[in-house]
Amino acid sequence: MENPRPLPPAITPPMAPLPVPPPIAPVPVSPRAPASTSAAAGGGDEEEVDYEVSDDHRAARERHERAVQELLQRRRAYAMAVPTNDSAVRARLRRLGEPITLFGEGAMERRDRLRALMARLEAEGQFDRLLRAQEDEQGAPGDDEEDTEEQIKYPFFTEGTNQLLQARVDIAMYSLPRAKARVERAKRRLADPDEDPEAEAGLVVKQAADFVLECSEIGDDRPLTGCSFSRDASMLATSSWSGIVKVWSMPQITKIATLKGHTERATDVAFSPVDNCLATASADRTAKLWNSHGSLLMSFDGHLDRLARLAFHPSGKYLGTASFDKTWRLWDINTGTELLLQEGHSRSVYDLSFHPDGSLAASCGFDATARVWDLRSGRLYCTLIGHVKPVLGVSFSPNGHLVATASEDNFCRIWDLRTRQMIYSIPAHKSLISHVKFEPQEGYYLVTSSYDTKAALWSTRDYRPIKSLSGHESNVSSLDISGDGQQIVTVSHDRTIKIWSCRGSARDDEMELD
């Protein structure tokens with residue numbers, strides 16, 4: 001039996017070669033953030049793995065580290081032993097080479113600044129400065145004793161003179177009966193059914209809307225700065241940059257006297273409320289008292305910088321002056337003695353006004369605040385904060401509880417002394433407001449003057465505009481209202497005096513009422 005022939009092997013066709021993938025480029029590793037990890041789980045070979053840290057993550061980590069450092073530094077600062085006595089705080093700051101005080105800095109702010117400084121020095125490793133300051137304090141043990149002795153020996157207030165004490169008693173005796181009469185009158189008007197204050201206020205506001213320009217006169221060769229009616233409105237006084245003060249007869253505005261005595265520009269003028277004497281203020285740092293015929297009666301010297309404005313006390317016995325030396329002062333008219341030097345403003349004091357009762361005084365200045373002072377005790381009653389620029393005018397209302405302030409921020413703000421809060425803000429003018437005054441009878445309207453060449457009347461019931469007095473060609477620098485409220489005088493840098501009157505309309509209304 002033959003063996004079968006083996007079959008030939010099957011021939012398979014050749015396969016095409018597989019495509020070779022292109023080489024993969026290595027991932028670039030940033031040289032700024034290399035990192036390596038070891039994958040030796042059982043102690044085998046170490047394998048280094050690099051990874052990249054993003055910029056956002058790095059910035060977040062830096063912020064976190066800074067926050068942690070600041071927190072630790074703040075904790076160390078509060079844990080430090082910082083002197084509590086203000087004089088010791090000042091001494092420590094001086095020994096560390098830092099200013100002992102900054103502008104507007106109080107005792108607590110100064111202590112916090114010292115604490116932060118000590119924490120910063122400790123964090124920076126400057127222990128030698130801290131140790132040296134402590135050694136200097138220990139080497140001078142007599143400083144604290146002297147400070148303690150000085151605090152015990154001297155009071156925190158400035159002790160006044162006997163003349164000031166007598167003046168405070170006199171002001172109290174003058175103001176208390178007037179305040180009592182004012183309150184009783186207000187109660188009687190509210191209780192009397194025949195009295196209608198709203199109707200009376202509406203009539204006065206209606207008359208005020210009829211103010212018209214009665215006459216205009218050139219007052220001086222230089223710009224005018226101040227004006228004032230006499231108590232019966234029979235005379236008018238004006239001051240100017242020439243340093244000359246002129247007295248005019250009303251209503252024709254005829255010059256009757258020229259007051260020459262100041263060596264610099266005159267900044268303000270005011271008539272006495274009890275007689276025909278008048279006082280003037282000047283940039284020569286003096287105030288002067290004159291009679292209506294032009295004779296000099298008294299000169300008040302003492303301010304260290306130029307004067308701004310001045311005002312008589314309602315009793316007529318005292319004169320207040322505001323100055324750029326950051327103080328206002330109270331003078332005795334009869335003796336010329338300086339009774340009170342009042343500090344409190346951080347910048348120049350520009351205007352001063354007295355309460356109708358004579359109990360309070362309000363001052364305002366370039367520190368954007370107005371301050372109300374109790375003349376009977378010498379204490380600060382309240383600080384009126386709300387303006388954002390220098391306050392140039394302040395005025396008390398005859399009702400006794402409202403105060404108006406005028407500022408460079410173009411606003412006139414109304415304040416209530418009972419709540420010590422602002423009750424209304426009037427966007428009165430397009431430029432700074434140079435002066436503000438209430439109508440002297442009942443305070444039913446107030447008048448503002450501005451550098452937008454206008455004066456404006458505002459109702460005190462709803463503080464709406466009543467009338468705009470247009471006629472000046474330059475900045476209106478000052479104004480005044482006659483005692484009966486029927487005349488308004490404005491003076492301007494255009495050197496003119498303008499008298500505004502509503503007497504004709506008042507007579508017509510009286511005839512209609514009859």
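If I filter the stretch 284-305 down to residues being surrounded by fewer than 20 Cβ atoms within 10 Å (Cβ to Cβ) and touching a Ser or Thr at 6+ places or on another chain (Cβ under 7 Å), which single residue comes out as nearest to Leu340 (Cα to Cα)?
Out of the qualifying residues, it is Asp301.
Show the residue pairs that are 6+ apart or on different chains and have beta-carbon atoms under 8 Å apart, the first residue being within the stretch 330-353 and within 14 Å of Ala287 (Cα to Cα) and free of Cβ contacts under 8 Å to residues at least 40 places away in the same chain, the second being part of a loop (DSSP other than H, G, I, E, B) and open to solvent by less than 60 Å² (accessible area, probe 1.4 Å).
Sorted first by the residue in the stretch 330-353, then by its partner, the pairs are Glu338/Gly302.
Being open to solvent by less than 10 Å² (accessible area, probe 1.4 Å), among the polar types (S, T, N, Q) and out of contact with any helix residue (DSSP H, G or I) (no Cβ under 8 Å at 6 or more places or on another chain): is that true of Thr280 here?
yes
In the stretch 338-379, which residues are among the charged types (D, E, K, R) and closer than 23 Å to Ala179 by Cβ?
Keep residues of the stretch 338-379 that are among the charged types (D, E, K, R), which gives 338, 343, 347, 351, 357, 367, 371, 374, 376, 379.
Correct list: Asp357, Arg371, Asp374, Arg376, Arg379.
If we keep just the residues of the stretch 449-477 that are basic (Lys, Arg) and within 15 Å of Trp500 (Cβ to Cβ), which is least open to solvent (accessible area, probe 1.4 Å)?
By that ranking, first place goes to Lys467.
If you check Ser353, Ser359, Ser249, Ser315, which single one turns out to be open to solvent by less than 40 Å² (accessible area, probe 1.4 Å), in contact with a Gly (Cβ under 7 Å, 6 or more places away or on another chain) and closer than 30 Å to Glu439 by Cβ?
Just one listed residue meets the conditions, Ser315.
The values are calculated or read from the model by the stated rules, or taken from the named source; none is laboratory data. None of these values were measured; they are calculated from a predicted model. FYI the Cβ positions are ideal-geometry reconstructions off the backbone, even for glycines, and counts take in every protein chain you see. Ligands, DNA and RNA are stripped out before the accessible areas are found, and what is left, the full protein with its side chains, is counted by its heavy atoms. Shrake-Rupley method; radii C 1.70, N 1.55, O 1.52, S 1.80 Å.
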